[in-house]
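Step one of this worksheet: look at the structure below.
The values are calculated or read from the model by the stated rules, or taken from the named source; none is laboratory data. Quick caveat, the model's predicted, so the values are computed rather than measured. Every residue, glycine as well, gets a Cβ built from its backbone with ideal geometry; the counts of neighbours run over all protein chains shown. Protein only, heavy atoms only, side chains kept; ligands, DNA and RNA dropped before computing areas. Shrake-Rupley method; radii C 1.70, N 1.55, O 1.52, S 1.80 Å.
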Amino acid sequence: MAAFKDVLLEATKEAGKIIHTYFEGNFTIDSKEGINNLVTEADKLSENAIIAVIRKYYPGHSIISEEIGELIKDSPYQWIIDPIDGTVNFAHSIPICCVSIALKHNDDLIVGAVYNPMMNELFFAEKGKGATLNGMPISVSKKTDFKKACLVTGFPYKWPDSTEHPIRVFERFVMEGLPVRRLGSAALDLCWVACGRFDGFWEYNLSSWDIAAGYLIVEEAGGRITNFDGDRYNVFDKETLATNGKIHEEMLAVIKKKA
Ligand code: IPD
Ligand code: CA
Ligand code: CA
């Protein structure tokens, strides 16, 4: 039986080859819900390649993947796939996009990988064994002074009327005088927290495929990830806060408007 890590990395590399080949090339672009929520030919080819690798080794595992949806099998294992995270960047030839794949066993993420082939950066984590970037161990930043933190966020394509608008929260962080970036790939945002480039990331309304691999990578790099109540995170939560652990409470306070 092939090791989960080997299957994960084979699928990740196959997807990476497709993303790299199509980047700056010609491909069809369609809109999903709303004109700027895009799906390209490369998203579908990447997804097909990933699923083919997983099916070759584990035909009985369940899969959830952004474009195809859920492929349910009677199994405690579920692969969670974003064939291209940062599709808008990809469609505009901005090299901040990646493939993100994780494997969940019951409620636990056990392996995860995020690969940006344009920058040749492969983030990987296995539960209990730490996180790596291109094979080298990584850890979250050591920053304790919230006022000196560098943050990243993202904005959803559609916003539910019932919740506070993300621009208000963004405004509060900016009014604190903090640098806040917006890369356009939630999976990379999480990995860039994991390797210490950013100190914290928050976003509303992400999906399991945006987060699953990055979640494990942040935790294995020593970071903390919760919902906006500070509760233990699960990949189906709609509120995501990931930090180096040291500025978590301050970020929660700003998000919850208690600062
Ligand atoms: C998107 C990216 C983006 C985030 C969006 C996601 P996609 O994923 O992660 O950073 O702000 O909410 O939908 O559509 O490029 O796979
Ligand atoms: Ca995504
Ligand atoms: Ca996607």
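Within the stretch 233-250, does at least one residue satisfy the condition of being of a type in the set (S, T, N, Q) and in contact with a Lys or Arg (Cβ under 8 Å, 6 or more places away or on another chain)?
yes
Tell me the residue from GLU203, GLU220 that is more than 13 Å from the chain's Cα centre (by Cα) and more than 16 Å from ILE80 (Cα to Cα), please.
When all the criteria are applied, what remains is GLU220.
Out of ILE84, ILE63, ILE72, I need the residue that is of a type outside the set (Asp, Glu), within 19 Å of the chain's Cα centre (by Cα) and away from ligand 1 (no atom under 11 Å from the Cβ). Which one?
One residue alone meets the criteria, ILE63.
Which residue pairs have Cβ atoms under 8 Å apart, sit 6 or more places apart or on different chains, and have a first residue in the stretch 171-191 that is among the hydroxyl-bearing types (Ser, Thr, Tyr) and a second that is within 15 Å of ligand 3 (Cβ to nearest atom) and assigned to a helix (DSSP H, G or I)?
SER185/ASN89
For the stretch 187-197, which positions are open to solvent by 10 Å² or more (accessible area, probe 1.4 Å) and touching a strand residue (DSSP E or B) at 6+ places or on another chain (Cβ under 9 Å)?
Once the filter is applied, which keeps residues that are open to solvent by 10 Å² or more (accessible area, probe 1.4 Å) and touching a strand residue (DSSP E or B) at 6+ places or on another chain (Cβ under 9 Å), the stretch 187-197 yields TRP192, CYS195, ARG197.
On the basis of being touching a residue at least 12 places away in the same chain (Cβ under 8 Å) and either assigned to a helix (DSSP H, G or I) or crowded, with 24+ Cβ neighbours inside 10 Å (or both), does LEU241 make the cut?
So LEU241 fails the test.
Do the conditions hold for ASP85, that is, is it open to solvent by 60 Å² or more (accessible area, probe 1.4 Å) and among the acidic types (Asp, Glu)?
It is false that ASP85 is open to solvent by 60 Å² or more (accessible area, probe 1.4 Å) and among the acidic types (Asp, Glu).
Filter the stretch 38-76 down to residues that are open to solvent by 30 Å² or more (accessible area, probe 1.4 Å) and within 19 Å of SER207 (Cβ to Cβ), then give me how many there are.
So the count comes out to 7.
Residues that are among the small types (Gly, Ala, Ser) and not in a loop (DSSP other than H, G, I, E, B): does the stretch 158-173 have at least one?
no
Residues of the stretch 174-186 being surrounded by fewer than 18 Cβ atoms within 10 Å (Cβ to Cβ) and either in a loop (DSSP other than H, G, I, E, B) or within 12 Å of ligand 1 (Cβ to nearest atom) (or both), which ones?
Answer for the stretch 174-186, where residues must be surrounded by fewer than 18 Cβ atoms within 10 Å (Cβ to Cβ) and either in a loop (DSSP other than H, G, I, E, B) or within 12 Å of ligand 1 (Cβ to nearest atom) (or both): GLU176, GLY177, PRO179, ARG181, ARG182.
Check PRO156 against each of (1) more than 16 Å from ligand 3 (Cβ to nearest atom); (2) open to solvent by 20 Å² or more (accessible area, probe 1.4 Å); (3) not aliphatic (A, V, I, L, M) and name the one condition it does not meet.
Status for PRO156: all satisfied but (1).
Could you identify the single residue in ILE217, ILE211 that is within 16 Å of ligand 3 (Cβ to nearest atom) and open to solvent by less than 20 Å² (accessible area, probe 1.4 Å)?
ILE211
Please find, among GLU67, GLU47, the residue that is more than 25 Å from LYS127 (Cα to Cα), within 16 Å of ligand 2 (Cβ to nearest atom) and not polar (S, T, N, Q).
Just a single option satisfies the conditions, and that option is GLU67.
Any idea how many residues of the stretch 109-137 are open to solvent by 30 Å² or more (accessible area, probe 1.4 Å) and assigned to a loop (DSSP other than H, G, I, E, B)?
Qualifying residue count, the stretch 109-137: 8.
Which condition number does LYS104 fail, the rest of (1) in a loop (DSSP other than H, G, I, E, B); (2) of a type in the set (Lys, Arg); (3) closer than 20 Å to ILE211 by Cβ being met?
(1)
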